[in-house]
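Every read-out reported here was derived from the displayed coordinates using simple, explicitly stated rules and does not represent laboratory data. All figures in this text were calculated on a predicted structure; none of them were measured in a lab. Glycine gets a Cβ as well: all are built from the backbone with ideal geometry, and neighbour counts include every protein chain shown.
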Amino acid sequence: MIWLPLGFFLTALLYAAVGFGGGSTYSALLTLVGFDYRLLPIVSLACNVVVVSGSTIRFARAQVIPWRRALTLALIAAPLAFLGGLTPIKQATFLFVLGLSLVFAGLALLLPRAPESESEPTAAAKYMVWAAAPLGYLAGLVGIGGGIFLAPLLHLTRWAKAREIAATTSLFILINSLTGLIGQLAKNGPERFGEAMVGALPLLVAVVLGGQMGSVLALRFLPERVIRWLTAALTVWAGSRLLLG
């Protein structure tokens, strides 16, 4: 099934270009090919970790991560991501929540962003810590990083500058994906990890290549707005396919 690695490659390319991991769309693609819904969060979260690890390292080296504020958000969300990973969920509920999450995430990518000249945070910016907990739980439940929801909120409230938000989102996804993955393994048993990873090596290679190319694409070729539109289109399409069956 050659189109699946290609789909993972394209997803990683687009999501990495806008600072995300792509876990939600990986899950949707695996669902569309009939992958066991109990195992797909493990594959999706593992791919997330692969993609955003490189981004987080690059942001750290560039010294653009606002560590105290970013870690506050991530560490509030992390325990809830673990609990989300532990939570049993029926297949129909899982597919509905995942599909709805994808549609909302895609639409969130289209929300307007404040220009860099408007640097003063809004009054709502200080409440972003309260958004971290439910986003963490959702991340662990359906096998996503949660950053695709967090980033639009941070931009709308002018929580920080664009590069700092991208860096914060990357760290948020990395920590949530790791804790969500631990929760999934605790729920399903460590042997499930090996079962989930059987045949997943081409997918991991695809996201490594896609993630690296996505960073280059964002820096040198396509405008960030165009990449966001393409990512939103892919995300809404995948979510709609799940909701419509």
Calculate for the chain the 222 nm mean residue ellipticity that helices alone would give, adding -39,500 (n - 2.57) per DSSP H run of length 4 or more and normalising by residue count, nearest 500 deg cm²/dmol.
-> -25500 deg cm²/dmol
Along the dipole axis of the chain (charges at Cβ: +1 for Lys and Arg, -1 for Asp and Glu; origin at the Cα centre), the most positive-end residue among Leu111, Ile144, Ile42 is Leu111
Partner lysines whose C-alpha sits under 21 Å from that of Lys161, ignoring same-chain residues fewer than 8 away, are Lys126
Diffing the range 53-69: the Karplus 3J(HN,Hα) column from phi (6.51, -1.76, 1.60, θ = phi - 60°), in whole Hz with x for Gly and Pro, holds 4, x, 5, 5, 4, 5, 5, 5, 5, 7, 6, 10, 7, x, 3, 5, 5
List the pair-distance distribution P(r) of the range 129-245, using every Cα-Cα distance, as the percent of pairs falling in each 10 Å bin from 0 up to the bin containing the longest distance, rounded to whole percents.
-> 11, 33, 41, 15, 1
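Quick check on the range 46-128: what are the equivalent-ellipsoid semi-axes from the Cα gyration tensor, as sqrt(5λ), descending, whole Å?
Ellipsoid semi-axes (Å, largest first): 28, 20, 15.
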Where is the GNM fluctuation largest for the chain (alpha-carbon springs, 10 angstrom cutoff): Leu156, Leu95, Leu178?
-> Leu156
Going by C-beta contacts inside 10 Å, put Leu204, Leu181 in order with the fewest on the left.
-> Leu204, Leu181
C-alpha long axis of helix 91-109 to longest principal axis of the chain, angle in ° = 30 degrees
Once label points are set 7 Å from the Cα along Cα→Cβ at both Trp130 and Ala92, what is their separation, rounded to one decimal in nm?
-> 3.5 nm
Tell me which residues come under 5 Å, amide H to amide H, from Arg158 once H is placed; ignore anything under 5 positions away on its chain.
-> Thr122
Mind pulling the angle between the C-alpha long axis of helix 224-244 and the longest principal axis of the chain? Nearest 10 degrees, somewhere in 0 to 90.
-> 40 degrees
Phi-derived 3J(HN,Hα) across the range 164-175 with the Karplus relation (6.51, -1.76, 1.60, θ = phi - 60°), rounded Hz, x for Gly and Pro, is 5, 5, 4, 5, 4, 4, 4, 5, 4, 5, 4, 5
Comparing Ile144, Ile89, Ile182 in a Gaussian network model of the chain (Cα, 10 Å), the one with the largest mean-square fluctuation is Ile89
With a point put 7 Å past each Cα toward its Cβ, work out how far Leu32 is from Arg58 in nm, to one decimal.
-> 2.6 nm
Using Cα positions and a limit of under 20 Å, work out the lysines in reach of Lys90, with same-chain residues fewer than 8 apart set aside.
-> Lys187
Dipole magnitude of the range 3-244 about its Cα centre, charges +1 at Lys/Arg Cβ and -1 at Asp/Glu Cβ only, in debye to the nearest 20?
-> 280 debye
Express the Stokes-Einstein translational diffusion coefficient of the range 4-53 in µm² s⁻¹, to the nearest whole number, given a Kirkwood radius over alpha-carbon pairs, 20 °C and a viscosity of 1.002 mPa s.
-> 202 µm²/s
